[in-house]
Amino acid sequence: MNRIFLGGTCNESIWREELMPLLRLDYFNPVVDDWTEDCVAIENDEKYNKCDILLFVITSKMTGVYSIAEMVESCFLKDKMTVYNIIPDGFNEGQLRSLKATVGILDRNGALGFIGNDIPRLANILNH
């Protein structure tokens, strides 16, 4: 199938706009202007049923922690590949320490990714 779920930070973060033109695979972008219960159902269908690569890009523009929970949960979903990118710009030292500990959990459970601000590198990982 090779469909990518573009999960992670929203809140006017521009990583999706930078990444999407570089992708050679089909993807689902969950960002919409008006978030409704129907959007939740569509997102869950994509994440759990239609996408086999679950990407989570975490930036300092995040205001909640749900994307972190989704990212960790994704490691335990059968037949899914979890890919992550933590963009460190704007996080304080304590937040980065916590995110690095989270990366340890991800890596121990088969996720693939990195900490850094390199969208072309991320696209290369996803396209291969």
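Every number here is computed from the coordinates shown, using simple stated rules; none is lab data. All figures in this text were calculated on a predicted structure; none of them were measured in a lab. Note: ideal-geometry Cβ built from the backbone for every residue, glycine included; neighbour counts use all protein chains shown.
A few points about this structure:
- Among the trypsin sites (Lys or Arg not before Pro) found in the stretch 31-70, not one is both in a DSSP coil and sparsely packed, with 12 or fewer other Cβ atoms within 10 Å of its Cβ.
- Net charge of Cβ neighbours under 11 Å - reference PHE5; Lys, Arg +1; Asp, Glu -1: -2
- Top positive-direction residue, dipole computed over the chain with Cβ charges, set ASN127, CYS51, LEU19: ASN127
- Loop-located chymotrypsin sites (Phe, Trp or Tyr not before Pro) in the stretch 68-121 whose Cβ has at most 10 other Cβ within 10 Å (DSSP): PHE76
- Under 16 Å from the Cα of LYS47 - lysines, other chains or at least 8 residues apart: LYS78, LYS80
- Note, ³J(HN,Hα) from phi for the stretch 59-72, Karplus 6.51, -1.76, 1.60, rounded to Hz, x at Gly and Pro: 10, 6, 7, 5, 10, x, 10, 4, 4, 5, 4, 4, 4, 5
- Entry for volume of the Cα convex hull per residue in Å³ (calculated from the structure that is shown) out of [x] 110; [y] 102; [z] 216: [y]
- When you filter the GluC sites (Glu not before Pro) in the stretch 1-92 for DSSP loop state and at most 13 other Cβ atoms inside 10 Å of their Cβ, you are left with GLU12.
- Residues whose amide H comes within less than 5 Å of that of MET81, counting only those at least five positions distant or on another chain, are ILE53, LEU54 (H built at 1.01 Å from N in the peptide plane).
- Only Lys, Arg (+1) and Asp, Glu (-1) charged, at Cβ; the chain dipole about Cα centre in debye: 620 debye
- ³J(HN,Hα) computed for each position of the stretch 31-38 - Karplus, 6.51 cos²θ - 1.76 cosθ + 1.60, integer Hz, glycine/proline x: 6, 9, 6, 10, 6, 10, 4, 4
- Neighbourhood charge, 10 Å Cβ-Cβ cut-off, centred on SER74 and excluding it, Lys, Arg +1 and Asp, Glu -1: 0
- Distances between placed amide hydrogens fall under 5 Å for ILE86 paired with ILE58, PHE114, ILE115, GLY116, all partners being 5 or more residues away or on another chain.
- Under the Karplus curve 6.51 cos²θ - 1.76 cosθ + 1.60, θ = phi - 60°, whole-Hz ³J(HN,Hα) for the stretch 50-55, x wherever Gly or Pro sits: 9, 9, 10, 10, 10, 9
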